[in-house]
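These notes are about the structure you will find just below.
The values are calculated or read from the model by the stated rules, or taken from the named source; none is laboratory data. This one's a predicted model, so the numbers in the text were calculated from it and none came from an experiment. Positions of Cβ are generated from backbone atoms using ideal geometry, with glycine treated the same way; all protein chains shown enter the neighbour counts. Ligands, DNA and RNA are excluded from the accessible area calculation, which covers all protein heavy atoms including side chains. Shrake-Rupley method; radii C 1.70, N 1.55, O 1.52, S 1.80 Å.
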Amino acid sequence: MSAYVCSPEHIAALAAFASRPSSSHVIMPWKRERARDTVRNVARKLAEANIRSVAERYPNDKDGNRPGPCMTDEEICKASERYAEKYLVYPPNLSALDIIAMSSCFEYQACDAENYPTSDAALQVRWIIDAAIRSLNGYDKAVRDFYEPEEVAA
């Protein structure tokens, strides 16, 4: 298995999707009073989780030399925050399916951290995926409770 640090734009797009004013899906520990501060915090926390995973996967790679953007860890976090703030106002043209695929990619890159499955980052990504699924065209009309109208004879 290989891992890399996702681009700041990738991380920021997920943070902005989670922080949309119309339907915020940000976990409580990461929420802030202002939307701008929330989206920046979500982006930073996701970036830190991704960096932590890659650092644990490749312990000999030093800050600034990890697979992914040619940036230091702090530069990645700050760029993620800046893009997230921009994307909150000017969202990139990404579909719900794009967000789901990007979330899966992020999870694959972040899962090498020892505590990832129980981390706030993992919970936040699950919330992002759930929100994206619910925004898929036709989801609101989809069958939620399926059953056979008559009992099947044995």
Helix-only CD estimate at 222 nm, as mean residue ellipticity for the chain, using -39500 (n - 2.57) per DSSP H run (n ≥ 4): -17500 deg cm²/dmol
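Could you tell me what % of all Cα pairs in the chain have separations over 19 Å?
Of the Cα pairs, 54 percent sit more than 19 Å apart.
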On Cα atoms only, tilt of 35-57 relative to the major axis of the chain in degrees: 80
C-alpha long axis of helix 96-110 to longest principal axis of the chain, angle in °: 50
Loop-located GluC sites (Glu not before Pro) in region 7-64, at most 11 other Cβ atoms within 10 Å (DSSP): GLU33
Crossing angle, helix 120-134 versus the chain [Cα axis fit, 0-90 degrees, rounded to tens]: 40
Probe 1.4 Å - accessible area at ILE11, Å² to nearest ten: 0
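Dipole of the chain, Cα-centred, from +1 at each Lys and Arg C-beta and -1 at each Asp and Glu C-beta, to the nearest 20 debye?
On the way: 19 positive and 23 negative charges, 143 e Å.
The calculation lands at about 680 debye.
How high is the relative contact order of the chain, in percent, counting Cα pairs under 8 Å that sit 6 or more residues apart? Each step should come with its number before you reach the end.
On the way: 207 pairs, mean separation 50.0, N = 154.
Taking the mean separation of contacting Cα pairs over the length of the chain, I get 32 percent.
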Virtual paramagnetic centre 7 Å along Cα→Cβ of ASP61, amide N under 17 Å, in region 96-126: 105-114
Gyration tensor (Cα) of region 63-104, equivalent ellipsoid semi-axes in angstrom: 23, 15, 6
Cleavage-rule hits (GluC sites (Glu not before Pro)) in region 65-127: DSSP loop, at most 16 neighbouring Cβ within 10 angstrom: GLU114
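Just flag the trypsin sites (Lys or Arg not before Pro) in region 39-109 sitting in loop per DSSP whose Cβ has no more than 13 other Cβ atoms within 10 Å. Could the numbers behind the result be given before it?
Numbers: sites: ARG40, ARG44, LYS45, ARG52, ARG57, LYS62, LYS78, ARG82, LYS86; in loops: LYS62.
Passing sites in region 39-109 are LYS62.
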